[in-house]
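In what follows, a structure is listed as structure tokens, so that the remarks can point back to it.
The values are calculated or read from the model by the stated rules, or taken from the named source; none is laboratory data. Please read all numbers here as calculations on a predicted model, not as lab measurements. With ideal geometry, Cβ positions are generated from the backbone for all residues, glycine too; neighbour counts draw on all protein chains shown. To get the accessible areas, we keep the full protein, side chains included, count just its heavy atoms, and leave off ligands, DNA and RNA. Shrake-Rupley method; radii C 1.70, N 1.55, O 1.52, S 1.80 Å.
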Amino acid sequence: MESLRKGEIDVDSVMQRMSMLPYEDLGDVKLDWHRSLRRGIGEIIYTPGKSDDQLVKIALSIAEHRSNSIFSRVSKEKYELLKTVLPDLEYREDARLGLCCFEPPKERGNVAVIAAGSSDKPVAEEAAGVAEFAGCHVERFYDVGVAGIHRLFNLLPKIRKADAIVVAAGMEGALPSVVAGLVSSIVIAVPTSVGYGASFGGLAALLSMLNACSGGVVVVNIDNGVGAGLAASLVATK
């Protein structure tokens, strides 16, 4: 900062150096408060498998630092626990997200979130919630899968305005390839664990998306709405 004051380095150089500063070591929990400098979005805490004590420890540190953060895969019970420390924590039950926002995020671009079927909505909502939290304007288009592909066509003018598109689909996972063939922006495909026995919990959709015929399709892990929403926000910058 002294070098910046003297004009020896510029702001971008300072930001780059700050992005490499240490994390906060809380023992079995280590919080990276400089993640937002590197990625433009704060900590995302995956709650399953964490004890109540660990979650409270994390929440107390978030409250102290007043850092925008996300709790993912949050049950109603875990939300009630976290709310005792973070009273303004927003809970999105469909998406299983707890959103802790102390200051408005930097405004980003437009993201379209598409769900093939209404059963894919929880994963789609997870992606939409993360993208919104990161500062994106999100539009949702649900239940427009390949079993009735005509439902998609009249929505294309709106979808084509997006800087990034997230498509969540289970069963055979064909929708991302269809969408990618009709738009100019990147398509982030999310296989969901929706489907009957031979879908193998989303594996069939995952393999289908990895073999997409259309170009410009990238694939995240099964049910990984968080990863898709984050990737979309990194693409949809202003």
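Which value does Rg/Rh take for the range 58-175 over its C-alpha atoms, Rh per Kirkwood?
With Rh from the inverse mean 1/r over Cα pairs, Rg/Rh is 1.05.
Regarding the chain, what is the average projected area of its C-alpha convex hull, in nm²?
So the mean shadow area of the Cα hull is 14.8 nm².
In the structure shown, do any of Lys76/Lys158; Lys50/Lys83; Lys78/Lys161; Lys106/Lys158; Lys50/Lys106 have a Cα-Cα gap over 27 Å, and if so which?
Lys76/Lys158; Lys78/Lys161; Lys50/Lys106
I'd like the antiparallel share, as a percent to the nearest 5, of DSSP beta bridges with both residues in the chain.
30 percent
How much length, in nm to one decimal, is gained on full extension between Met1 and Ile149, taken as 0.36 nm per residue of separation minus their Cα-Cα distance?
That works out to 47.7 nm of additional length.
Per residue, what accessible area does the chain have, given a 1.4 Å probe and all protein chains present, in Å²?
Value returned for the chain: 50 Å² of accessible area per residue.
Among all stretches of the chain without exposed GluC sites (Glu not before Pro) (DSSP loop, at most 14 other Cβ atoms within 10 Å), which one is longest?
That would be 108-238.
Using modelled backbone amide H atoms (1.01 Å from N, in-plane), which distant-in-sequence or interchain residues come within less than 5 Å of Val166's amide H?
Under 5 Å from the amide H of Val166 lie the amide H atoms of Ala112, Val113, Ile114, Ile188, each far enough along the sequence or on another chain.
At a 1.4 Å probe radius, carbon and sulfur cover how many percent of the accessible area of the chain?
53 percent
Do the sum for the chain: with -39,500 (n - 2.57) for every DSSP H run of n ≥ 4, divided by all residues, what is the mean residue ellipticity at 222 nm, to the nearest 500 deg cm²/dmol?
Counting only the DSSP helices, I get -9500 deg cm²/dmol.
Report, by chain and number, residues whose modeled amide H sits under 5 Å from the one on Val194, excluding near sequence neighbours (fewer than 5 apart, same chain).
Residues meeting the criterion, in which the H sits 1.01 Å from N, are Met171.
Residue by residue, what Karplus-based ³J(HN,Hα) values in Hz, rounded to whole numbers, does the range 225-231 have, using 6.51, -1.76 and 1.60 with θ = phi - 60° and x for Gly and Pro?
Each residue of the range 225-231 in turn: x, 4, x, 5, x, 5, 4 Hz.
What nm value, rounded to one decimal, do you get for the distance between Phe200 and Asp94 when each label is placed 7 Å out toward the C-beta?
If labels sit at Phe200 and Asp94, their model points lie 3.1 nm apart.
Where both residues lie in the range 87-227, what percent of DSSP beta bridges are antiparallel, nearest 5?
15 percent
Please work out the Cα convex hull volume for the range 84-152 and give it in Å³ per residue.
Enclosed volume per residue, from the Cα hull, is 73 Å³.
Computed from the mean reciprocal separation of all distinct C-alpha pairs, what Kirkwood hydrodynamic radius does the range 47-105 have, in Å?
Hydrodynamic radius (Kirkwood, Cα only) of the range 47-105 equals 11.3 Å.
Per-residue HN-Hα couplings for the range 55-61, Karplus 6.51 cos²θ - 1.76 cosθ + 1.60 at θ = phi - 60°, whole Hz, x for Gly and Pro?
Once rounded to whole Hz, the list reads 5, 5, 4, 5, 4, 4, 5.
Apply the Karplus parameterisation 6.51 cos²θ - 1.76 cosθ + 1.60, with θ equal to phi minus 60°, to every residue of the range 126-134 and state each ³J(HN,Hα) to the nearest whole Hz, in sequence, with x for glycine and proline.
Going residue by residue, I get 4, 5, 5, x, 5, 5, 5, 4, 7 Hz, with x marking Gly and Pro.
Please list the non-local residues whose amide H lies under 5 Å from the amide H of Tyr142, H modeled 1.01 Å from N, same-chain partners needing a gap of 5 or more.
Ala115
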